[in-house]
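Taking it in order: structure first as structure tokens, then the write-up.
The values are calculated or read from the model by the stated rules, or taken from the named source; none is laboratory data. Remember, it's a predicted structure, so these values are computed and weren't measured experimentally. Cβ sites come from the backbone with ideal geometry, for glycine too, and all protein chains shown count toward neighbours.
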Amino acid sequence: MIKSGQQLEAIIEMLTRFQTEIEVNNQVGLTNISKHSERLICRLLNLLYGYELESLNKDKPNFPGLDLGDEDESTAYQITSTKKASKIDDTLSTCIKFKHYEKFKTIKIFLLVPKQKSYKLGVITFPHFDFDVDRDIVDFKSLIKVIEQVSPIRLNAVYELLSHEIDRAIHSIKYGDEEDNYLLDPINGLKLSKMPYYFIFRCALHLKTSKASSSKIYTAINSLFQSDALKRETIPIMAEQYRISDNSPDLYYTTELETSRLPNYFTAASFKIKESSIFFETAVYRDEDMFPNFKMEMEILLISLFGLSKIVKENDLSVDIHIEFDANTKVNFFTHQSYFLPDIGGYFSLNVNEAVDESISDIQTDGLVHLFEVIAAAFKSENGNILYHHPFLMLDTDHATRKINSFKTLLNFDAPWPKVFA
């Protein structure tokens, strides 16, 4: 465990990085920054002050003026990336208009950007409630002062929270909450399978260099397969029988819970194509620890990247990739048939709380091998593994190169073709 001083430094670095990301996106006019930051700020405030804040939009969408509230503590917050006095005045006026002070005696503004040196407000809150600009307008700088005074136990809890959530929060600022695009519900899967444990692999790809409709992405992916049999073999989830029919422009495929040849072992998968984005998930439900080899997941990832590459002009590819894992049991990487390592035996435990965020600008094999290196590093080697001498899973680059090139050959991907989809 790292010392408190090091944890504090890391906390300050993470919050500074988070604030910088907000400021950059604020300047380019990105909307919904406050919404995508709300979850992390809520958990952080609850941890520091012992609140039980929750979203006020949960029961009443577009709750006027406020975002988070704890009725027992009679405390509420607005989360905003606008620091001007006029914005504060608008919030206070709304609280008076809707009589929020009857439920929340303390009303605070949490600024996601540094607050001004001084504020001259036009709204008078007395006699309804007391609002002090120095005390009740909070930003990350003032929050860090509070963090500096907490106990080592609470400091460690803040460190753990930010370590697990900060990258996810930054990603949601850029692309929206991935929870909005989650495809598989593990709780429902446990209920249907009657199994105690689950593991879900989630992946999101976002094409940055151009807009592409779901139909264009589908056509590009579908052109990779020389036969229906090859398509069924490499990405079975895209079978027409799994497509959900609706009026949305998105294409959504999902399987019901499926049994396997193994007893007490169930699987599910989903694949969704939206404008300039691809999402896919796989799930396993069983009554023992998980031992995935990620062969199918890596092949779906490759197919998605190959398809997106056919849409853009040559040398104009830029894709952001976000991968996360969800499980309620121990997950061990299994080397058999994997893209990461030859079958050497031994297991590698997955750090389920660690998300993978990477960008890729070409689909040459070297670039794909590097991507797989980043994904592999989410695994830790078990202590005392005499066959392996690294703390993290180190990709066998020669093995990965052979596997990727073999998959390209299977799809005839290296063969030249006109860019008919650009």
query = Can you find a residue in region 264-277 that is surrounded by fewer than 16 Cβ atoms within 10 Å (Cβ to Cβ) and under 28 Å from ILE360 (Cα atoms)?
reply = yes
message = Being in a loop (DSSP other than H, G, I, E, B) and among the aliphatic types (A, V, I, L, M) is the requirement here; does VAL150 meet it?
response = yes
query = Does SER81 meet the test of being out of contact with any Pro (no Cβ under 8 Å at 6 or more places or on another chain), in the same structural domain as PRO127 (by TED's automatic domain parsing) and at pLDDT below 90?
reply = yes
request  = Say whether the condition of being over 22 Å from the mean Cα position of the chain (by Cα), surrounded by fewer than 21 Cβ atoms within 10 Å (Cβ to Cβ) and among the basic types (Lys, Arg) is met by at least one residue in region 311-323.
outcome  = yes
query = Any idea how many residues of region 144-164 are free of Cβ contacts under 8 Å to residues at least 24 places away in the same chain and surrounded by 14 or more Cβ atoms within 10 Å (Cβ to Cβ)?
reply = 0
task = Would you please name the residue that is nearest to ASP316 (Cα to Cα), looking only at residues in region 181-212 that are among the polar types (S, T, N, Q) and out of contact with any strand residue (DSSP E or B) (no Cβ under 9 Å at 6 or more places or on another chain)?
result = SER210
task = Out of PHE104, PHE110, report the one residue that is closer than 28 Å to LEU47 by Cα, at pLDDT 95 or above and part of a loop (DSSP other than H, G, I, E, B).
result = PHE104
ask   = When region 211-242 is examined, which residues are found to be modelled with pLDDT of 90 or more, more than 24 Å from LEU410 (Cβ to Cβ) and either part of a loop (DSSP other than H, G, I, E, B) or touching a Leu at 6+ places or on another chain (Cβ under 7 Å) (or both)?
value = ALA212, SER213, SER214
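Yes/no per residue for (1) hydroxyl-bearing (Ser, Thr, Tyr); (2) surrounded by 15 or more Cβ atoms within 10 Å (Cβ to Cβ); (3) under 22 Å from ASP185 (Cα atoms); (4) touching a residue at least 24 places away in the same chain (Cβ under 8 Å):
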residue: GLU256; (1), (2), (3), (4): no, no, yes, no
residue: ASP287; (1), (2), (3), (4): no, no, yes, yes
residue: PRO292; (1), (2), (3), (4): no, yes, yes, yes
residue: LEU305; (1), (2), (3), (4): no, yes, no, yes
ask   = Which residue, of SER93, SER74, is within 18 Å of ASP130 (Cα to Cα) and either touching a Phe, Trp or Tyr at 6+ places or on another chain (Cβ under 6 Å) or not assigned by TED's automatic domain parsing to the domain that holds TYR159 (or both)?
value = SER74
inquiry  = Under 9 Å between Cβ atoms, which residue pairs at least 6 apart in sequence (or on different chains) link something in region 9-32 that is in a helix (DSSP H, G or I) and at pLDDT below 80 with a partner that is hydrophobic (A, V, I, L, M, F, W, C) and surrounded by 14 or more Cβ atoms within 10 Å (Cβ to Cβ)?
reply    = ASN25/ILE33; ASN25/ILE173; ASN26/ILE33; ASN26/LEU112; ASN26/VAL113
query = In the set TYR101, TYR119, which member is in contact with a His (Cβ under 7 Å, 6 or more places away or on another chain) and under 27 Å from SER86 (Cα atoms)?
reply = TYR101
ask   = Among the residues of region 212-233, which ones are surrounded by 14 or more Cβ atoms within 10 Å (Cβ to Cβ), of a type in the set (S, T, N, Q) and either free of Cβ contacts under 8 Å to residues at least 12 places away in the same chain or over 14 Å from LEU305 (Cα atoms) (or both)?
value = SER213, SER214
